[in-house]
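The values are calculated or read from the model by the stated rules, or taken from the named source; none is laboratory data. Fair warning: this is a prediction, and the values are worked out from it, not measured in the lab. Heads up, the Cβs are rebuilt from the backbone with ideal geometry, glycines too, and the neighbour counts pull from every protein chain shown. The area values use the complete protein model at the heavy-atom level, side chains included, leaving out ligands, DNA and RNA. Shrake-Rupley method; radii C 1.70, N 1.55, O 1.52, S 1.80 Å.
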Amino acid sequence: MVYAADEQRYEKLPYRRVSDSGLILPAVSFGLWRNLGDQMPLDNSKKVILKAFDNGIFSFDNASNYGPSNGTAEETFGQVFRSDLKPYRDELIITTKAGYHMWPGPLGEFSGKKTLTAALDLSLQRMGLDYVDIFYAHRWDPNTRLEETALALDLLVKQGKALYIGVSNYTAEQTEAIAKIFNKLGTPFIGNQVSYNMLNRTAEKDGLLEALDKNHAGLIAYGPLAEGLLTDRYLADIPNDYPIHRTNEFLFESGKTALIAKLNALNTIAMARGQKLSQMALAWLLKDDRVPSVVIGASKIDHLLDNLSFSDNMLFSDDELERIQNILEK
């Protein structure tokens, strides 16, 4: 049976412009980090990806090292693209990243010219694409001259392999440094994809939002639910072996009891808003126009649709924002 996308898909989610660029993203992008690679049956992955598109998500985020096994998330997306989504290519924003360990040997990671070029070529092959819409340098490279990284990324745009360039996991200072080079080159620098959620507000504290805004770029937030902490699943207890992402490890520094108390206090506000904690957490991030999109992952359709209900209530009163701020500062 030939797939036909839901004709009302663009009526189901808000979509937002990235700064003053021509790039528009859905408020929620779909990430394939570790949900739909080689440990998940293709049939299930296809159903979730297509359900996302049917519900207004037209931005799909990948990376060379996603899987869990390197490249397998891109391969999964590529199979779904070839079989079902290829007729909709002009509607899709497809992104990928390179920089974490991707293949054996010293050239299989970081941001040298050869590494970035080879990584993007592999990504395009896996996904069956002529170009990606955004190509990100996945992490700061302390050993390679920043000019080399910037020039390599600029060249990939000039070669037609990427429309826009981004960085990921760069600090405000690092973002400013590479943006300065991009500005001289005329590179279409579009944003920084970083860990950002209600509990992890490093992007606010180090001035990253301001740095991006000044350079006509946006913050694309990954980990918006702190790997599931900002859901109703851990209001009673958090397992000792909880698989928290490295960017959120500091959340446990004050102990589990304090963190659970904070989650329950936030959940009380969410319930009063007629939302689940996860839905409020997504809406809270998107209250800032400098955050054009948040990246969520899902391996089950019901989890995906549950999160997308955040759009039913995206407005916060001044009182709600003040109460949330007081909770987060404890």
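Checking Thr115 against (1) within 24 Å of Ser293 (Cα to Cα); (2) in contact with a helix residue (DSSP H, G or I) (Cβ under 9 Å, 6 or more places away or on another chain), which single condition isn't satisfied?
Among (1) within 24 Å of Ser293 (Cα to Cα); (2) in contact with a helix residue (DSSP H, G or I) (Cβ under 9 Å, 6 or more places away or on another chain), Thr115 violates only (1).
Residues Leu107, Leu163, Leu155, Leu151: which one is outside any helix (DSSP H, G or I), more than 27 Å from Val28 (Cα to Cα), open to solvent by 30 Å² or more (accessible area, probe 1.4 Å) and among the aliphatic types (A, V, I, L, M)? Walk me through it before giving the result.
Values: Leu163 fails: more than 27 Å from Val28 (Cα to Cα); Leu155 fails: outside any helix (DSSP H, G or I); Leu151 fails: outside any helix (DSSP H, G or I).
Unique residue meeting the criteria: Leu107.
Going through the range 199-227 one residue at a time, which ones are closer than 13 Å to Leu259 by Cα and in contact with a Ser or Thr (Cβ under 9 Å, 6 or more places away or on another chain)? Steps first, answer last, please.
The first filter runs over the range 199-227 and keeps only residues closer than 13 Å to Leu259 by Cα, leaving 199-200, 226.
Across the range 199-227, the qualifying residues are Asn200, Ala226.
Looking at Arg139, Arg126, can you tell me which residue is closer than 20 Å to Pro68 by Cα, open to solvent by 10 Å² or more (accessible area, probe 1.4 Å), touching a Gly at 6+ places or on another chain (Cβ under 6 Å) and not in a loop (DSSP other than H, G, I, E, B)? Explain how you work it out, then say what you get.
Working: Arg139 fails: not in a loop (DSSP other than H, G, I, E, B).
On inspection, the qualifying residue turns out to be Arg126.
In this structure, does Gln193 turn out to be among the polar types (S, T, N, Q) and either within 16 Å of Ser21 (Cα to Cα) or crowded, with 24+ Cβ neighbours inside 10 Å (or both)?
Working: among the polar types (S, T, N, Q): yes; either within 16 Å of Ser21 (Cα to Cα) or crowded, with 24+ Cβ neighbours inside 10 Å (or both): yes.
Spelling it out, Gln193 is indeed among the polar types (S, T, N, Q) and either within 16 Å of Ser21 (Cα to Cα) or crowded, with 24+ Cβ neighbours inside 10 Å (or both).
Quick check on Leu199: is it of a type outside the set (Lys, Arg), surrounded by fewer than 24 Cβ atoms within 10 Å (Cβ to Cβ) and in a helix (DSSP H, G or I)? Before you say what the answer is, go through the steps one by one.
Details: of a type outside the set (Lys, Arg): yes; surrounded by fewer than 24 Cβ atoms within 10 Å (Cβ to Cβ): yes; in a helix (DSSP H, G or I): no.
So Leu199 fails the test.
Could you say whether any residue in the range 30-51 is open to solvent by 50 Å² or more (accessible area, probe 1.4 Å) and aromatic (Phe, Trp, Tyr)?
Scanning the range 30-51, I find at least one residue that is open to solvent by 50 Å² or more (accessible area, probe 1.4 Å) and aromatic (Phe, Trp, Tyr), so the answer is yes.
Restricted to the range 204-229, and to residues that are out of contact with any Leu (no Cβ under 6 Å at 6 or more places or on another chain) and within 28 Å of Gly274 (Cα to Cα), which residue is surrounded by the fewest Cβ atoms within 10 Å (Cβ to Cβ)?
Glu204
Looking at Ser69, Ser64, Ser83, which is the one that is touching a residue at least 40 places away in the same chain (Cβ under 8 Å), out of contact with any strand residue (DSSP E or B) (no Cβ under 6 Å at 6 or more places or on another chain) and of a type in the set (Gly, Ala, Ser)? Don't jump to the end; show me each part of the working.
Numbers: Ser69 fails: touching a residue at least 40 places away in the same chain (Cβ under 8 Å); Ser64 fails: out of contact with any strand residue (DSSP E or B) (no Cβ under 6 Å at 6 or more places or on another chain).
The conditions single out Ser83.
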